[in-house]
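Dropping the structure in here first, questions after.
The values are calculated or read from the model by the stated rules, or taken from the named source; none is laboratory data. Just so it is clear, the structure is predicted and the values come from calculations on it, not from any experiment. Backbone-built Cβ (ideal geometry, glycine too); neighbour counts: all protein chains shown.
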There are 2 protein chains.
Amino acid sequence: MKNKMITSRDVDFARWYTDIVRNANLADYSSVKGCLILEPRGYAIWEKIQNILDKEFKRLGHVNVSMPLFINESLLQKENDHIEGFAPEVAWVTHGGSKELEERLCVRPTSEALFGDYYSKKVKSYRDLPMLYNQWCSVVRWEKETRPFLRAREFLWQEGHTVHASADEAISETHQMLEVYKRFIEDYMAIPVITGLKTESEKFAGAEFTLSVEALMYDGVSLQSGTSHYFGQKFAKAFDIKFSNDKNEQEYAYQTSWGVSIRLIGGLIMVHGDDNGLILPPNIAPIQVVIVPIKEEIYSYADELSDELSKAGITSFVDKTDKSPGFKFAEHEMNGIPIRIELGKKEIESNEFVVARRDTREKMKITKNDKFVEEISNLMSDIQNNMYKKAYDRNMSRTYTCTSLEEVKEIMETKPGYIKTMWCGDPKCEETMKEIRGLKSRCIPEKQEKISDECICCGKKAKHMLYWGIQY
Amino acid sequence: MKNKMITSRDVDFARWYTDIVRNANLADYSSVKGCLILEPRGYAIWEKIQNILDKEFKRLGHVNVSMPLFINESLLQKENDHIEGFAPEVAWVTHGGSKELEERLCVRPTSEALFGDYYSKKVKSYRDLPMLYNQWCSVVRWEKETRPFLRAREFLWQEGHTVHASADEAISETHQMLEVYKRFIEDYMAIPVITGLKTESEKFAGAEFTLSVEALMYDGVSLQSGTSHYFGQKFAKAFDIKFSNDKNEQEYAYQTSWGVSIRLIGGLIMVHGDDNGLILPPNIAPIQVVIVPIKEEIYSYADELSDELSKAGITSFVDKTDKSPGFKFAEHEMNGIPIRIELGKKEIESNEFVVARRDTREKMKITKNDKFVEEISNLMSDIQNNMYKKAYDRNMSRTYTCTSLEEVKEIMETKPGYIKTMWCGDPKCEETMKEIRGLKSRCIPEKQEKISDECICCGKKAKHMLYWGIQY
């Protein structure tokens, strides 16, 4: 039995995805090409992501700031690799009111240049360091093809930018923030990830190295879900960020930047959703429990139940609309609410409620006694763990260890996923792999396994074990 | 005794203001002309404002969304008054990457057009209504002259946009949101305000009417601090937002919009600050208490004290930097932290702490016993009330009732403030008043007093009692 409003996930995954986005009222297209409207249900998930991550950033000593939306063309051009990476995809403001600007401004595609410029004025002594700044904002990249949450001309994100007095400290910040992302995505979003180093060709424009969190979607396609970059002194040299160190010598500062975006919401949909709609893990669901009273006369009973849950920190909502119970059930399933409690007169009299969990769609009876709230809370943990495990098992079954290009081709044509191979380190071999359905290196994981001695492409001596995958 | 780093407030108010902004590290100028960088201390105040207002918006049933940053030129032009009001001051994006766009896009100066377009697709039946949406974002207006927080080419704000099935309901939303702003500004920011209706010449471009919250700064200049607009069916007709009403007839919807911005932070500075820096009311201060331990050996004692305050919901911070106590005291005064606790070994032994309140700069001794936290909490209430009262009394002493233009001129040359007069309702008389140092109508308060029968300008029959003032 599936919801008739949406395409089946196994029939047309791309259409299924947009059907969920639209039918769960997460987002809508705007009249402005390539720009998305985040509707209340979609934005509420983003708010939840923001709240959890923001607390963690602050606990680790970061503070929020707000940088301008615009970057002077000359400022953007200060770091060569950076401008080469971003110039082809920025939006340019050329007029203010009816006047042409003397220098055109780009709408920030990312804010390294703005933070660089700011830090060059602020950083003077090692005593000022570290400076651990973050901002929640939107950025603009003039993409040709767009997909809700995954790729858009404007998208919401956070970007952390830090300055340190030593390379060691900056490198450990880069790793720490990757770990923050990994923990968040696994523990809250119930999405198992792999993490590691990006290859030279895949790293951020201007970075010394980029660490990445990668997640595998239901269709076997990878989603780069968060990145953390170490800049070394590259931006500091370009923007002249110097400090006097503890030996009273002038030294260029060491920097990092790191970010996640609303594409995480795309990941949630594509890892957990099914043919009945979205499925939200309880730890990230804006509404964790929906209570559906079948008759108006039990609304007040439903409200009391909702209050009880709320006292235990469980977010619930009583659906008092005049739709039919069946319609409501389908709607809440579409919206991915983890738990539904069905309340009829009979249930109240018998003190036994029907509780439906969204992930497995199982229904069970729970007795309304002193332990009721605790049982709901346990059920939430169970759903959270089950969702993680299901995604983890799927990832395992779609992670392949290969030693020949033929094997890779066959897998990618039948049941794509992560491909683990050895690699010599030559970007040319990445180009060779790209010919197989656009395979790209995902990351070089920290924990290396030795599959063989030779690069899968050229047969030369291998340097790394690498994950490959096609990507969103 | 005043802080030597800043200009005296009574010598040069404008310079004093920017000195505070810079020395309290609230904001900095960026390399992008007219665009501000909100630094951690400034942004923390904005976060506090956001948290409090966002909770209140949600309590009243509003939800957050995110609309695009850009508006197609043709979309902006749909409502005539609106485009006339905003077109001269928008920034235009003409190129994406290296390509010229087919239709140029403006960076949103406000989002009525985007919400209008969205609602035209979404609103179908009276059952869909009301739709109570809000967004926290930044907007761009190509101002020629800018001042930190008060006027900038880009500024942070929130904009609520609601759609209703009846004029009555929309009008009452317009009033309700004005009241939310008034309560927030008075109760949290300790800024007494006047509220009322904007005249036809001062209302928002495209509104049926605009309600406004006005605050008086230390220098007698007015700050429009929040506005709430009733659109009637104007935008609904321009954007074709129709719904089938309960008689199953098609009807144009009724709309409102309302907003406050970071200019509220400018208001905080200009109402409460003094020659030693910023003074933050405890209810809006990101840090309410700073604890300054004089010696390193009492750091752990200071931390325990901070924990105790934190348990009572009081935000405190222990200053462990290696600066001198005198330097620290001046710095925390500059930053406007409401309460400072000075901790020395002697104080710990005697169980009597020196506590300094920022508003009056009085020092007092408070015994460290069971009631200590309660006493700090009471002191915070006292500071909050005292700050409000001080500003209120100043407003009263600078609110003048006038019946002749000569009186007005004299006041405006000596000690400007609010001018209360009668007015005939003719915009020409507003033009006459403008000749007196740029006086503008502030608002027509709900509670009318009858000062005389005649308009102060033309002597014709008066229609309203009006507040006038010069403005930021």
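I'd like to verify a number: residues in region A:144-165 that are part of a strand (DSSP E or B), in contact with a Pro (Cβ under 9 Å, 6 or more places away or on another chain) and either farther than 21 Å from residue B:105 by Cβ or not assigned by TED's automatic domain parsing to the domain that holds residue A:263 (or both), how many?
The total comes to 3.
Given the condition outside any loop (DSSP other than H, G, I, E, B) and in contact with a Phe, Trp or Tyr (Cβ under 8 Å, 6 or more places away or on another chain), answer yes or no: does some residue in region B:327-340 qualify?
yes
Now for a different question. Starting from residues that are surrounded by fewer than 17 Cβ atoms within 10 Å (Cβ to Cβ) and not in a helix (DSSP H, G or I), keep the ones in region A:1-22 and report whichever is modelled with the lowest pLDDT.
A:1
Checking the condition loosely packed, with under 15 Cβ neighbours inside 10 Å and either under 30 Å from residue A:57 (Cα atoms) or at pLDDT below 95 (or both), which residue from A:347, A:251, A:296 passes?
Unique residue meeting the criteria: A:296.
Do any residues in region A:445-472 that are farther than 30 Å from residue A:148 by Cα have Cβ atoms under 7 Å from those of residues that are surrounded by 14 or more Cβ atoms within 10 Å (Cβ to Cβ) and of a type in the set (Lys, Arg), where the two are at least six apart or on different chains, and which pairs are they?
That search, which allows pairs on different chains as well, returns A:451/A:420; A:454/A:460; A:465/A:420.
Can you name every residue in region A:303-324 that is assigned to a helix (DSSP H, G or I) and either in contact with a Lys or Arg (Cβ under 8 Å, 6 or more places away or on another chain) or under 16 Å from residue A:339 (Cβ atoms) (or both)?
Passing the criteria: A:305, A:306, A:308, A:309, A:310.
Follow-up question, since we're still on this one. Which residue, of B:138, B:111, is among the small types (Gly, Ala, Ser), facing chain A (nearest Cβ under 7 Å) and closer than 21 Å to residue B:158 by Cβ?
Testing whether each residue is among the small types (Gly, Ala, Ser), facing chain A (nearest Cβ under 7 Å) and closer than 21 Å to residue B:158 by Cβ leaves just B:138.
Ok, one more. Suppose we filter region A:103-115 for residues that are closer than 19 Å to residue B:100 by Cβ and either surrounded by 23 or more Cβ atoms within 10 Å (Cβ to Cβ) or without any contact (Cβ under 8 Å) to a residue 12 or more places away in the chain (or both); how many remain?
Of the residues in that region, 3 qualify.
Yes/no matrix, rows are residues, columns are (1) surrounded by fewer than 18 Cβ atoms within 10 Å (Cβ to Cβ); (2) in contact (Cβ under 8 Å) with a residue 24 or more places away in the chain; (3) closer than 30 Å to residue A:98 by Cβ; (4) touching a helix residue (DSSP H, G or I) at 6+ places or on another chain (Cβ under 6 Å):
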| site | (1), (2), (3), (4) |
| --- | --- |
| B:35 | no, yes, yes, no |
| B:38 | no, yes, yes, no |
| B:52 | yes, yes, no, no |
| B:78 | no, yes, yes, yes |
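Further, regarding this structure: For region B:413-472, which residues satisfy the criterion of being outside any loop (DSSP other than H, G, I, E, B), surrounded by 13 or more Cβ atoms within 10 Å (Cβ to Cβ) and among the hydroxyl-bearing types (Ser, Thr, Tyr)?
Across region B:413-472, the qualifying residues are B:418, B:421, B:432, B:441, B:467.
Of the conditions (1) under 21 Å from residue B:106 (Cα atoms); (2) touching a strand residue (DSSP E or B) at 6+ places or on another chain (Cβ under 7 Å); (3) of a type outside the set (Val, Ile, Thr); (4) at the interface with chain B (Cβ under 10 Å from one of its Cβ atoms), residue A:73 clears all except one; give me its number.
Only one criterion is unmet by residue A:73, namely (4).
Here is a follow-up. Which residues, taken from region B:236-294, are part of a loop (DSSP other than H, G, I, E, B) and within 15 Å of residue B:191 (Cβ to Cβ)?
B:262, B:273, B:278, B:279, B:280, B:281, B:282, B:283, B:284, B:285
Tell me, yes or no, whether region B:120-133 has at least one residue that is touching an Asp or Glu at 6+ places or on another chain (Cβ under 8 Å), buried (at least 23 other Cβ atoms within 10 Å of the Cβ) and facing another protein chain (nearest Cβ under 9 Å).
There is no residue in region B:120-133 that is touching an Asp or Glu at 6+ places or on another chain (Cβ under 8 Å), buried (at least 23 other Cβ atoms within 10 Å of the Cβ) and facing another protein chain (nearest Cβ under 9 Å).
Being away from chain B (no Cβ under 12 Å) and within 26 Å of residue A:89 (Cβ to Cβ) narrows it down to one residue among A:37, A:6, A:49; which is it?
Of the residues listed, the single one that is away from chain B (no Cβ under 12 Å) and within 26 Å of residue A:89 (Cβ to Cβ) is A:49.
Now, a different point. In this structure, does residue A:42 turn out to be assigned to a helix (DSSP H, G or I), more than 30 Å from residue A:101 (Cβ to Cβ), within 14 Å of chain B (Cβ to nearest Cβ) and touching a strand residue (DSSP E or B) at 6+ places or on another chain (Cβ under 6 Å)?
Here the answer is yes, as residue A:42 does meet what is asked.
Sticking with this one: Can you tell me which residue within region B:9-34, out of those that are of a type in the set (Gly, Ala, Ser) and within 19 Å of the chain's Cα centre (by Cα), is farthest from the other protein chains (Cβ to nearest Cβ)?
Here the residue is B:14.
Give the residues of region A:96-135 that are assigned to a loop (DSSP other than H, G, I, E, B), closer than 30 Å to residue A:247 by Cα and in contact with a His (Cβ under 9 Å, 6 or more places away or on another chain), sorted by residue number.
Passing the criteria: A:129, A:130.
Determine if region A:255-262 includes at least one residue that is aromatic (Phe, Trp, Tyr), in contact with a helix residue (DSSP H, G or I) (Cβ under 9 Å, 6 or more places away or on another chain), modelled with pLDDT of 95 or more and surrounded by 18 or more Cβ atoms within 10 Å (Cβ to Cβ).
Looking through region A:255-262, at least one residue is aromatic (Phe, Trp, Tyr), in contact with a helix residue (DSSP H, G or I) (Cβ under 9 Å, 6 or more places away or on another chain), modelled with pLDDT of 95 or more and surrounded by 18 or more Cβ atoms within 10 Å (Cβ to Cβ).
Considering region A:55-70 alone, what residues qualify as being of a type outside the set (Asp, Glu) and either more than 10 Å from chain B (Cβ to nearest Cβ) or more than 13 Å from residue A:110 (Cα to Cα) (or both)?
Matches in region A:55-70: A:55, A:57, A:58, A:59, A:60, A:61, A:62, A:63, A:64, A:65.
From A:214, A:202, which residue is within 23 Å of residue A:449 (Cβ to Cβ), touching a strand residue (DSSP E or B) at 6+ places or on another chain (Cβ under 8 Å), surrounded by fewer than 20 Cβ atoms within 10 Å (Cβ to Cβ) and among the acidic types (Asp, Glu)?
Being within 23 Å of residue A:449 (Cβ to Cβ), touching a strand residue (DSSP E or B) at 6+ places or on another chain (Cβ under 8 Å), surrounded by fewer than 20 Cβ atoms within 10 Å (Cβ to Cβ) and among the acidic types (Asp, Glu) holds for just one of A:214, A:202, which is A:202.
Now, a different point. Among the residues that make up region B:321-331, is at least one of them within 17 Å of residue B:42 (Cα to Cα) and of a type outside the set (Phe, Trp, Tyr)?
So far as region B:321-331 goes, yes, one or more of its residues are within 17 Å of residue B:42 (Cα to Cα) and of a type outside the set (Phe, Trp, Tyr).
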